[in-house]
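Asks: My questions all concern the structure below.
The values are calculated or read from the model by the stated rules, or taken from the named source; none is laboratory data. What you see is a predicted model, and the numbers here were worked out from it, not measured in a lab. Don't worry about glycine lacking a Cβ; one is built from the backbone with ideal geometry, like all the others, and counts go over all protein chains shown.
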Amino acid sequence: MLIGEVARRSGVSARMLRHYESLGLLRPTGRTGGGYREYAAEDIRRIFHIESLRALGLSLREVGSALDDPCFTPASLIADLVHRTRERIAQETALLTRLRRIGAAEPAGWGDVLQTVALLQALGSQSPGQRQRAALSSVDGVPVPVEALVEAVLRESDPSVAGALRWALAQSADGGLPLLAQALGSPVADVRERAVQSIAEIPHAEATAVLRDALASADLVVRRCAALALGARGVADAVPTLVDMVVAQANDVDAADALSALASGPASAERITARLVDLLADDAVDAPARLRLTQALAEIPGAEAARALTDLTEDEDRTVALTAAYVLRMRDGH
């Protein structure tokens, strides 16, 4: 079979067949009387073997070793090919993600495209300053892809940069809320914490609903952050967690402030007072926690809180008693 017919049947061009021959990969069995290459059935099989190995990602040199070296073992090469393929897929996936984000920014021209590319590169910079400037660039009207901001804030460890990213997200249409809510289920604790911190800065009612759900999270940090945010929004569901934070001395000052803000209505004040009083009467609560509960009670308005403080002036713990007495004097204007 001559080279033209081999090319037609195999799908490999005559030029490539000659290239294989120049590399020693393929040697036609014979020549015609006119000196033309003549390929036998065994040569055709070898061509298909070469193409099959190339389809796996082997270089031509690796193909030659695989076909001709009797000591060649495929295991290590296959493992290397798997590694190379994964790297290539990761690179292609990153490119696809970048293209989608550029498209989502709806660029009006190539100038906008270049601005968005520069922004995405800056968000991934090693420099905290560059990352922060990229986050704040929305002030100048540069299109900020929300997906990119969410990805950046979930991995950001620098507090200043994280704050800028959360601010930028809060300015966007939905704050990236669906993606942030999904991140609350991440197996990585830091990601969950960053997600709830970002949601806490989104002022929408939808964010409040997500924070309510977060009160039931198995992650204590997520529950506490959600409770502080909900307290600031006047959501009474946060009261039990906030009181528990006072007992545990976990951001207890902020938690007490949130309880004070929630106690602005009589019903809320009574509910909070009852919760604090119950814990003050619990023998399992230690002395430092009882003092913190008394201090939190001091910030709650209303007659119920005043009566509870009056009772505490007779408490066996002298520090608690003195604190309650002092608070009552301050309430009376003395």
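Asks: Residues being closer than 22 Å to residue 102 by Cα and among the polar types (S, T, N, Q): count how many of those fall in the range 149-208.
Replies: Going through the range 149-208 one residue at a time, the tally reaches 2.
Asks: While we're here: In the range 275-293, how many residues are under 20 Å from residue 236 (Cα atoms) and touching a Leu at 6+ places or on another chain (Cβ under 7 Å)?
Replies: 3
Asks: Taking the range 298-314, which residues are within 20 Å of residue 283 (Cβ to Cβ) and buried (at least 17 other Cβ atoms within 10 Å of the Cβ)?
Replies: If the condition is that a residue be within 20 Å of residue 283 (Cβ to Cβ) and buried (at least 17 other Cβ atoms within 10 Å of the Cβ), then 308, 312 are the ones that fit.
Asks: Would you mind stating whether residue 325 is touching a Ser or Thr at 6+ places or on another chain (Cβ under 8 Å) and surrounded by 21 or more Cβ atoms within 10 Å (Cβ to Cβ)?
Replies: Answer is no for this residue.
Asks: Go through 152, 75, 105 for me and flag whichever is under 25 Å from the mean Cα position of the chain (by Cα) and modelled with pLDDT of 80 or more.
Replies: Step by step, each of 152, 75, 105 is checked, and only 152 is under 25 Å from the mean Cα position of the chain (by Cα) and modelled with pLDDT of 80 or more.
Asks: Report, by residue number, each residue of the range 12-50 that is in contact (Cβ under 8 Å) with a residue 12 or more places away in the chain and loosely packed, with under 11 Cβ neighbours inside 10 Å.
Replies: Passing the criteria: 24, 32, 42.
Asks: Right, another one. Just name the residue that is farthest from residue 179 (Cα to Cα) out of those in the range 205-258 that are of a type in the set (Val, Ile, Thr), without any contact (Cβ under 8 Å) to a residue 40 or more places away in the chain and assigned to a helix (DSSP H, G or I).
Replies: 253
Asks: Would you please name the residue that is farthest from residue 159 (Cα to Cα), looking only at residues in the range 96-116 that are among the aliphatic types (A, V, I, L, M) and surrounded by 15 or more Cβ atoms within 10 Å (Cβ to Cβ)?
Replies: 113
Asks: Tell me which residues, restricted to the range 112-128, are part of a helix (DSSP H, G or I) and either modelled with pLDDT under 75 or of a type in the set (S, T, N, Q) (or both).
Replies: 112, 115, 116, 121
Asks: When you look at residue 271, is it surrounded by fewer than 23 Cβ atoms within 10 Å (Cβ to Cβ) and over 18 Å from residue 312 (Cβ atoms), yes or no?
Replies: Yes; evaluated as a whole, the condition is true for this residue.
Asks: Kindly establish whether residue 45 is assigned to a helix (DSSP H, G or I), more than 30 Å from residue 147 (Cα to Cα) and not hydroxyl-bearing (Ser, Thr, Tyr).
Replies: Yes: the conditions hold for residue 45.
Asks: Restricting to the range 129-145, give me the number of residues that are modelled with pLDDT under 85 and either charged (D, E, K, R) or closer than 11 Å to residue 115 by Cα (or both).
Replies: Of the residues in that region, 6 qualify.
Asks: Residue check: is residue 227 in contact with a helix residue (DSSP H, G or I) (Cβ under 9 Å, 6 or more places away or on another chain), under 22 Å from residue 274 (Cβ atoms) and at pLDDT below 95?
Replies: no
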